[in-house]
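Here's the structure, in structure tokens; my notes come after.
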Amino acid sequence: MPGVKPVRVLIVDDHEVTRVGLRAVLSREDSIKIVGEAAGVKDAVDEACRLQADVLLMDVRLSDGSGVDVCRAIRESCPATRVLFLTSYADNEAVFAAVVGGAAGYLLKQVDAEALRRAIHAVANGQSILDPAITQPLLTRMRLQKEKVSESQRTTLSSQQQRVLALVAEGKTNKEIGSSLDLSDKTVKNYIRFIFQKLKVTRRAQAAALFSRDASSTSQSGLQSSSGLDKNPVSLR
């Protein structure tokens, strides 16, 4: 469009043929300007900052290092540059590492030219893009990771702290908790403060919700085992 600046793109790939091909495809677009190329980790960071690229289009694995490391360095050195991975690697580990590393997008190299063009513009405009083929596996991985961390936090509670949490989940006041466990009001307050810190919550309702979910999961697990259902695949919800 007249008056609209083209998106400045830096191509990073350790295969020359890939770089040449991408340049040929993207150079057809008036709305995209290829400002440079790089084949390795160090050049990618230096060139992105020197050329002030809007989008760094890069493979996730390079011959001299990881594209994820480049992404982290870009976020620190020239945060205005957005990183869009274009790669043949669809495994969950690579995708998860890229997203956690600050990538704005992750596409597989099977993408067609028009979809790639749209993705570059979307990323340049502040949006995030994921290839449909990897979206669900990534969401599942992130959910399981969150549950694993949450479970790890809860298992660090002492026996007494777990008893206090159980009473909090029942809606008991500090005075009622102290009476049930033979604790002073000040001691109950300290227990609750430590529990909140370990669970990374700020309200009693949040702590109660975590406790209730744990109790429900344990109950369902026990029911499945007693029914002989534990050999079936677990359904992820």
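The values are calculated or read from the model by the stated rules, or taken from the named source; none is laboratory data. Quantities reported herein were computed from a predicted structural model and do not represent experimental measurements. Ideal geometry is used to build each Cβ from the backbone, glycine not excepted, and the neighbour counts take in all protein chains shown. Just the protein is used for accessible areas: all its heavy atoms, side chains included, with ligands, DNA and RNA removed. Shrake-Rupley method; radii C 1.70, N 1.55, O 1.52, S 1.80 Å.
Here are the numbers for this structure:
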item	result
Efficiency of FRET between residue 166 and residue 93 - r from beta-carbon atoms, R0 35 angstrom, step 0.05	0.40
Cβ-placed point charges (K, R +1; D, E -1), dipole of region 1-128 about Cα centre in debye, nearest 20	440
Within the accessible area of region 18-98 (1.4 Å probe), percent carbon and sulfur	47
Rg/Rh for region 152-193, where both radii come from Cα atoms and Rh is the Kirkwood radius	0.96
Inter-centroid distance (Cα atoms) of region 4-50 relative to region 93-120, Å	15
Rg in Å to one decimal, and Dmax rounded to a whole Å, for region 35-81 via C-alpha atoms	9.3, 26
Debye intensity ratio in log₁₀ form over the Cα atoms of region 1-137, taken at each q of 0.09, 0.14, 0.15, 0.20 Å⁻¹	-0.22, -0.54, -0.63, -1.19
Restricting region 1-106 to trypsin sites (Lys or Arg not before Pro) in coil, as DSSP defines it, with at most 10 other Cβ within 10 Å	28
